[in-house]
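Take a look at the structure set out below.
The values are calculated or read from the model by the stated rules, or taken from the named source; none is laboratory data. All values derive from a computational prediction rather than experimental measurement. Every residue, glycine as well, gets a Cβ built from its backbone with ideal geometry; the counts of neighbours run over all protein chains shown. SASA here: full protein model, heavy atoms, side chains in, ligands and nucleic acids out. Shrake-Rupley method; radii C 1.70, N 1.55, O 1.52, S 1.80 Å.
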Amino acid sequence: MARTSTSPDPAEPADAPAPADLLGDIRTALPSLAPAERRVAEAVLGDPAQAALLSISALAARARTSVTTVMRFCRTVGLTNYPQLRLALAGAAAREHALRGDRPPISTDISATDSLEQVVEKIVYNETRSLQDTGAGLDVATLRRAVDAVAGARRIDIFGMGASGFVGQDLHQKLHRIGLMAFIWTDVHAALTAAALLGSADVAIGISHSGATADTVEPLQVAAGRGATTIALTNFARSPIAECADLLLTTAAHETPYRSGATASRIAQLAVVDCLFVGVAQRSYDHATEAINGTWGAIHGRGTRRLPSAPPRAPEPPVVRAGTDTCHTPGTRGGASSAPAGHGAGPGRAAGAHR
């Protein structure tokens, strides 16, 4: 069994400041890590409180790697030494406990045996944490520059596929309602065509949870080549979409690219989209308010106006069925009238006499 230690390694000072959201930074770096470093990250993310108690050799043993790899992992996530990692993990675990209170830790993995009550608890917990961590990690200075770019753009083209495309549609609808020329493209051919027509006065926004969706990355690359200001919204700062973005906005959803990107990630993306939209709307507050009220009134008024009533339909004539002497009127129960066509329905008439 790996030995645990509760004191930092004395040879390595831990006075340098740690990142404000270390766990979020580790999740962001996860896809770009080498396999051995990824095992260290997974061990840390799996139980930050326990990892904070481990010596560097114990953590290396738990991750099935070497001490050198653990040190390399520390530098990869912006730390200078291992004691700094331990202190940051202890702080993250303390914040987690403060948010959770006396309740036991909640696993966000949903199993086939979970009750519906457990499903609700896990989803709400996971999405709440994603929103909190996204807000804490959002670079407001970059967001402000993105607001400036969108507010002053000639046109705004938004690229997104799958679940990210729905988030793009939400942003498009919001921008369009305040009178901005915005477009949403969820087909790669249409996106590439639109990107090729952009210029330096335009803004292109790519939305991808993983940051590696080629159908989103490629149009953003084309837009960048045309001189447009490019904005990327992703959960992973070290991803292909970040390389072609002038401005990078990140979420901190508690998912990886190997799990569904349509739950907590979507909620976090929508929160950033709302921040961007409200910032843009504030730049022309009176105009935006008037536009929102006007568009709301146009839609809301549809439910209060009386539409002209349709003229009554003329009754349809009876139809004689071929080969029989019975007729039926469309809409009658059973599909036939009670009397044969052109004959009396006397009791002595044999059923099926006319075939």
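For region 78-92, which positions are crowded, with 19+ Cβ neighbours inside 10 Å and modelled with pLDDT under 90? Across region 78-92, the qualifying residue is only Ala92.
The condition (being at pLDDT 95 or above and part of a strand (DSSP E or B)) is satisfied by just one residue among Phe166, Phe159: Phe159. Step by step: first the residues of region 19-37, then only those that are assigned to a loop (DSSP other than H, G, I, E, B) and either at pLDDT 80 or above or in contact with a Gly (Cβ under 6 Å, 6 or more places away or on another chain) (or both), then the one that is nearest to Arg64 (Cα to Cα). Which residue is that? Filtering region 19-37 for residues that are assigned to a loop (DSSP other than H, G, I, E, B) and either at pLDDT 80 or above or in contact with a Gly (Cβ under 6 Å, 6 or more places away or on another chain) (or both), the one nearest to Arg64 (Cα to Cα) comes out as Ala34. The residues of region 36-64 that are among the β-branched types (Val, Ile, Thr) and either in contact with a Cys (Cβ under 7 Å, 6 or more places away or on another chain) or more than 20 Å from Arg238 (Cβ to Cβ) (or both) amount to a single one, Ile56. In the set (1) hydrophobic (A, V, I, L, M, F, W, C); (2) out of contact with any Pro (no Cβ under 7 Å at 6 or more places or on another chain); (3) within 19 Å of Asp246 (Cβ to Cβ), Ala195 fails one condition alone, (2). Among the residues that make up region 117-140, is at least one of them among the β-branched types (Val, Ile, Thr), closer than 12 Å to Leu276 by Cα and open to solvent by 40 Å² or more (accessible area, probe 1.4 Å)? Yes: one or more hits. Checking Ala16 against (1) open to solvent by less than 50 Å² (accessible area, probe 1.4 Å); (2) of a type in the set (A, V, I, L, M, F, W, C); (3) more than 28 Å from the chain's Cα centre (by Cα); (4) modelled with pLDDT of 90 or more: exactly one of these is not met. Which one? For Ala16, the exception is condition (4).
Among all residues of region 178-192, there is none that is outside any helix (DSSP H, G or I), of a type in the set (Gly, Ala, Ser) and over 30 Å from Gly297 (Cβ atoms). Entry remark, region 166-181: residues being without any contact (Cβ under 8 Å) to a residue 24 or more places away in the chain and either on the phi > 0 side of the Ramachandran plot or open to solvent by less than 60 Å² (accessible area, probe 1.4 Å) (or both) number 1 in total. Here the helices (runs of 4 or more DSSP H) wholly within region 206-288 that include at least 1 residues being open to solvent by 10 Å² or more (accessible area, probe 1.4 Å) and either closer than 18 Å to Leu23 by Cα or in contact with a strand residue (DSSP E or B) (Cβ under 6 Å, 6 or more places away or on another chain) (or both) are 214-225, 240-243.
Among the residues of region 185-202, those that are more than 15 Å from Val147 (Cα to Cα) and open to solvent by 40 Å² or more (accessible area, probe 1.4 Å) comprise Trp185, Thr186, Asp187, His189, Leu192, Thr193, Ala196, Leu197, Ser200. Pairing residues of region 132-152 that are of a type in the set (S, T, N, Q) with residues that are part of a helix (DSSP H, G or I), at Cβ distances under 8 Å and at least 6 apart in sequence or on separate chains, gives Gln132/Leu99; Thr134/Ala268; Thr134/Ala271; Thr134/Val272.
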